[in-house]
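Asker: First the structure, which I've put down as structure tokens, then a few questions once you've had a look.
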Amino acid sequence: MKEVLAVMYREFLIRRTSPLWLFFDVAVPLLYLLMFGVAFDKALGLGLAIGGDSVSYNQFFLAGVLSMSCFGSAMNQSYGFFVDRDNGIFYEFLTYPMTRGQFLLGKILFQCLMSVVQCVLTLVAGVLMLEIGIQWEFLLLVFCVVIIGAAGWFFFLAIFAFLIRRNDTYNTAINVAYFLLMFLSSLFYPLENVPGWLKVLSYGNPLTWQTDALRFLTIGVGQIEFIVIESLCFGVFLLVSFWGAIRTLQRAI
């Protein structure tokens with residue numbers, strides 16, 4: 001356990017000595033919620049009609065911000081993997097008296113902890129500043145979805161970090177994936193009235209699965225049967241990403 005805590009402490013020191021990185025980890029999701037949420041909420045006026053329910057855009061966008069936080073945190077963590085491998089520290093870690101599993105576990109636990117902190121800050125800001133009504137009885141389930149989502153995206157993006165060697169290629173691939181996954185999802189808009197081709201692509205996107213689950217748990221929008229199917233699909237995505245990350249890690253070594 002000391003080895004895992006040592007890895008977590010190293011990640012904490014990196015964040016503490018890198019204010020810009022900490023800003024992107026914690027503050028950016030709040031800025032998205034406060035700026036985009038308020039702007040679109042005012043523009044839409046009467047809000048959105050989803051499955052017979054009428055919700056404000058602030059309420060709708062809250063789950064999207066939580067999913068975006070998980071993805072952004074995982075992207076930063078995977079970039080840390082890339083930097084460590086690029087400068088040789090990653091290989092030095094493998095010579096330390098710890099297993100590779102302990103090394104990965106420390107990374108994942110720190111990221112999940114950061115995701116929970118992001119989630120708490122976002123929910124508090126949404127309730128106090130935007131007056132969003134939250135289903136507090138499902139709060140623990142919200143944390144579980146955030147943790148599982150952060151782990152899934154961490155493994156998925158780690159594959160890129162282990163496979164790609166060039167820094168410019170890595171940044172290009174990660175940013176393209178980021179924008180495609182965000183805009184081909186239910187993060188910014190409901191999918192009920194979008195074109196059929198866009199709906200098909202969006203419902204095949206793991207970011208949509210996570211966002212829909214969080215939206216159901218936070219504001220009660222969605223059908224439970226569909227949410228269960230999406231949650232199972234995300235579980236498969238998590239397992240496949242974990243397997244892919246382990247395989248690419250072995251090749252990188």
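The values are calculated or read from the model by the stated rules, or taken from the named source; none is laboratory data. Note that the coordinates shown come from a computational prediction; the quantities given were computed from them, not determined experimentally. Note that each Cβ is placed from the backbone with ideal geometry, even for glycine, and that neighbours are counted across all protein chains shown.
Asker: Kindly list the number of the only condition in (1) at negative phi; (2) in contact (Cβ under 8 Å) with a residue 40 or more places away in the chain that fails for GLY220.
Answerer: All conditions are met except number (1).
Asker: Here is a follow-up. Return the pairs, sorted by first residue and then second, in which the second residue is of a type in the set (Lys, Arg), the first residue lies in region 103-119 and is under 25 Å from LEU33 (Cα atoms), the beta carbons are less than 9 Å apart, and the residues are 6+ apart or on different chains.
Answerer: Once the first residue is under 25 Å from LEU33 (Cα atoms) and sits in region 103-119, its partners that are of a type in the set (Lys, Arg) give PHE110/ARG10; PHE110/ARG15; MET114/ARG15.
Asker: List pairs: first in region 186-200 and β-branched (Val, Ile, Thr), second surrounded by 16 or more Cβ atoms within 10 Å (Cβ to Cβ), Cβ under 9 Å, 6+ apart or cross-chain?
Answerer: Here the result reads VAL194/SER202, each pair linking region 186-200 to a residue that is surrounded by 16 or more Cβ atoms within 10 Å (Cβ to Cβ).
Asker: Suppose the filter is part of a helix (DSSP H, G or I), modelled with pLDDT of 75 or more and not acidic (Asp, Glu); does ALA43 pass it?
Answerer: On the way: part of a helix (DSSP H, G or I): yes; modelled with pLDDT of 75 or more: no; not acidic (Asp, Glu): yes.
The answer is no for ALA43.
Asker: VAL240: among the hydrophobic types (A, V, I, L, M, F, W, C), free of Cβ contacts under 8 Å to residues at least 12 places away in the same chain and not in a helix (DSSP H, G or I), yes or no?
Answerer: Details: among the hydrophobic types (A, V, I, L, M, F, W, C): yes; free of Cβ contacts under 8 Å to residues at least 12 places away in the same chain: yes; not in a helix (DSSP H, G or I): no.
Criteria not met by VAL240.
Asker: What number goes with the only condition from (1) modelled with pLDDT under 70; (2) farther than 24 Å from LEU238 by Cβ that ARG100 does not pass?
Answerer: The number of the failed condition is (2).
Asker: Then there's this: Within region 130-237, considering only helices (runs of 4 or more DSSP H) that don't extend past its boundaries, which have at least 2 residues that are modelled with pLDDT under 85 and over 14 Å from the mean Cα position of the chain (by Cα)?
Answerer: Numbers: elements: 139-163, 167-183, 196-203, 206-219.
Once the helices (runs of 4 or more DSSP H) in region 130-237 are filtered for at least 2 residues that are modelled with pLDDT under 85 and over 14 Å from the mean Cα position of the chain (by Cα), what remains is 139-163, 167-183, 196-203.
Asker: Could I ask something else about it? Among the residues of region 187-223, what is the count of those that are more than 19 Å from ALA74 (Cβ to Cβ) and of a type in the set (S, T, N, Q)?
Answerer: Qualifying residue count, region 187-223: 4.
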